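Participant: Right, I'll just put the structure down here and ask away after.
The values are calculated or read from the model by the stated rules, or taken from the named source; none is laboratory data. Bear in mind the structure is a predicted one, so any value in this text is a computation, not a measurement. Here the Cβ positions follow ideal geometry from the backbone for every residue, glycine too, while neighbour counts run over all protein chains shown. Heads up: the accessible areas ignore ligands, DNA and RNA and are worked out on the full protein's heavy atoms, side chains in. Shrake-Rupley method; radii C 1.70, N 1.55, O 1.52, S 1.80 Å.
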There are 2 protein chains.
Amino acid sequence: MRLKDDAKVEAIFNATIELTGEVGLNRLTMSAIATRAKIASGTLYIYFNGKEQLLNNLYKRLISEGTLSLLPAITHLPIKQQIFNIWSSVLKFRMDNTSEVAFMHEFRYSPLISDKAKEMDKEFVLHVLRLLNEGKKELIVKDLDNDVLFPLLYGYVDNLARHLTHKKIKLTPEIVRQTFQVCWDAIKA
Amino acid sequence: MRLKDDAKVEAIFNATIELTGEVGLNRLTMSAIATRAKIASGTLYIYFNGKEQLLNNLYKRLISEGTLSLLPAITHLPIKQQIFNIWSSVLKFRMDNTSEVAFMHEFRYSPLISDKAKEMDKEFVLHVLRLLNEGKKELIVKDLDNDVLFPLLYGYVDNLARHLTHKKIKLTPEIVRQTFQVCWDAIKA
DNA sequence: TTTATAAGTGAATTATAATTCACTTATTTG
DNA sequence: CAAATAAGTGAATTATAATTCACTTATAAA
């Protein structure tokens, strides 16, 4: 018997990301994915039950690469330092993987997304919320509800990366520094 | 002869907004729109050339309601006050019109959007950028590039409104105050 | 080697949804 | 009121894209 080919899954995922960037989720077709991945359309159904499953699997994979793997291993640094590290790596990831991020964004707000996929980044969010809470305990972060603080960090990084990418502005250490300063001023006590 | 019926356009727009919220742009069909608007599918094509035109027209209408009309008439207030007024009205608009905002968001990042529609909010953005520039001149706003400052305001309001809506948190004057304070601390010199 | 099994194929099928059009109806205007 | 014109209808058509399946190939295991 023959075994499934990991390289094919990669090719399928890459094709999906590329095509979504080019034509969007709406006009993304299974046959286009197959052609781009250099396989037959039927083969897609050997690897995935259908379009939704394919997209959800890709999304879950990207979320784990784009969030969990960015959490720093070292957790004994000062809070501000830890938040800076996360800010910096998330911003860098989003600037370095624009097609992937575009896919994630479009998919996240589409009705194709499954509940399970939606929950994938929960662990990452929880980590940041814990940091904010510790910061409040140490009196270095504003004593405001996380529902008010978290959207600032998330909304800013999301929009900033999109904006810089759109205007073809390269991410420099200076920009990382400046934007973190803006963030920190926003949330610091 | 018979005249076109403005109320029908309204019904079509409302149906489109509702349905997009329920099933998303992907599964939004012309027949569903027609049924919901209580008209025949063919009638849609009397009012619009097709799906793209319908969606783009709706988007343009919503943008002008959701941005330009929110710009304050009075322009002689202090910069900080003006920014607060805009912050407050944009946040309120976004919390009060969640279906419309969801449509706008999904459509904006879809490939169906026309270049002209994309430019609709330019005037609004320019107004805010002018305010930021004046703030810098008065030394009350950080002397950073607008490419760094603007995404904070836009990203935060966008994400905050979505987050509060999702968690069914009502917008109180206290939240408006707190979130503006966060913003202002972020951008103030 | 052989063979059993599952991957791989892509034309054909099926499903879905956009759009058209021959016809009916309402309303304006002379 | 009658005629003209454009709105309004929805079944039929057309377009598009998901999915299937009878068949071919590759390869792991005997």
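Participant: Roughly how crowded by other chains is peptide B:101-112, in terms of the mean Cβ count from those chains within 10 Å of each of its Cβ atoms?
Facilitator: The per-residue average across the peptide is 3.
Participant: Please give the average number of partner chain Cβ atoms lying within 10 Å of the Cβ of each residue in B:113-122, rounded to a whole number. It would help to have the intermediate numbers written out before the result.
Facilitator: On the way: counts 1, 0, 0, 0, 0, 0, 0, 0, 0, 0.
Rounded to a whole number, the mean comes out at 0.
Participant: So, one more: More than 22 angstrom separation, counting every C-alpha pair in chain A; what % is that? Numbers along the way, then the final one.
Facilitator: On the way: 9435 of 17766 pairs.
When all Cα pairs of chain A are counted, 53 percent exceed 22 Å.
Participant: Now for a separate question. Quickly work out the residue B:123-to-residue B:145 label distance, labels modelled 7 Å from Cα along the C-beta direction, and quote it in nm with one decimal.
Facilitator: Roughly 2.9 nm, to one decimal.
Participant: Let me ask you something else. Between B and A, buried accessible area summed over both sides at probe 1.4 Å, in Å² to the nearest 100? Kindly include the intermediate steps, with their values, before the conclusion.
Facilitator: Numbers: alone 11150 and 11180 Å², together 19240 Å².
For B against A, buried area totals roughly 3100 Å².
Participant: Per-residue mean of other chain beta-carbon atoms within 10 angstrom of the beta-carbon, peptide A:161-168?
Facilitator: Mean inter-chain Cβ contacts per residue within 10 Å come to 2.
Participant: Next up: Show the residues, 5+ positions off or on another chain, whose built amide H is closer than 5 Å to the amide H of residue A:188.
Facilitator: Under 5 Å from the amide H of residue A:188: A:142.
Participant: Roughly what would the spin-label model give for residue A:14 and residue A:114, points 7 Å off Cα along C-beta, in nm?
Facilitator: 2.6
Participant: If you place +1 on the Cβ of every Lys and Arg and -1 on the Cβ of every Asp and Glu, how big does the dipole about the Cα centre of region B:93-150 come out, in debye to the nearest 20?
Facilitator: Rounded to the nearest 20 debye, it is 60 debye.
Participant: In debye, nearest 20: dipole of region A:11-73 around its Cα centre with unit charges on the Cβ of K, R (+) and D, E (-)?
Facilitator: 100
Participant: State in Å² the accessible area per residue of the protein assembly as shown; use a 1.4 Å probe, count heavy atoms of protein chains only, and round to the nearest integer.
Facilitator: 51
Participant: Same structure again: Residues with beta-carbon under 10 Å from that of residue A:64, excluding residue A:64: net charge, scoring Lys, Arg +1 and Asp, Glu -1? Walk me through the numbers on the way to the answer.
Facilitator: On the way: positive: A:60, A:61; negative: A:65, A:121, A:123.
Cβ neighbours under 10 Å give a net charge of -1.
Participant: Could you tell me what % of all Cα pairs in region B:80-120 have separations over 12 Å?
Facilitator: The answer is 66 percent, as a whole percent.
Participant: Still on this model: To the nearest 10 degrees, how steeply does helix B:146-166 sit against the main Cα axis of chain B, on a 0 to 90 scale?
Facilitator: Approximately 60 degrees, to the nearest 10.
Participant: Using a Förster radius of 51 Å, what is the FRET efficiency between residue B:138 and residue B:64 based on their Cβ-Cβ separation? Nearest 0.05, please.
Facilitator: 0.95
Participant: Here is a follow-up. Give the angle, between 0 and 90 degrees and rounded to the nearest 10, that separates the Cα long axis of helix B:6-23 from the longest principal axis of the Cα atoms of chain B.
Facilitator: 70
Participant: Using each residue's phi in region A:117-130, evaluate 6.51 cos²θ - 1.76 cosθ + 1.60 at θ = phi - 60° and report the 3J(HN,Hα) Karplus result to the nearest Hz, with x for Gly and Pro.
Facilitator: Values, residue by residue: 5, 4, 8, 3, 8, 4, 4, 4, 4, 4, 4, 5, 4, 4 Hz.
Participant: Near residue B:156, within a Cβ-to-Cβ distance under 15 Å, what is the net charge of the other residues, with Lys and Arg +1 and Asp and Glu -1?
Facilitator: Numbers: positive: A:142, A:162, B:92, B:94, B:162, B:177, B:188; negative: A:145, A:147, A:158, A:185, B:158, B:185.
Surrounding charge for residue B:156 is +1.
Participant: Rounding to the nearest 10 and keeping the result within 0 to 90°, find how far the Cα-based axis of helix A:98-108 lies from the longest principal axis of chain A.
Facilitator: 90
Participant: Still on this structure, I have one more. Over the protein assembly as shown, what lengths in whole Å, largest first, do the semi-axes of the equivalent ellipsoid take, defined as the square roots of 5 times the eigenvalues of the alpha-carbon gyration tensor?
Facilitator: For the protein assembly as shown, the semi-axes come out at 35, 31, 18 Å.
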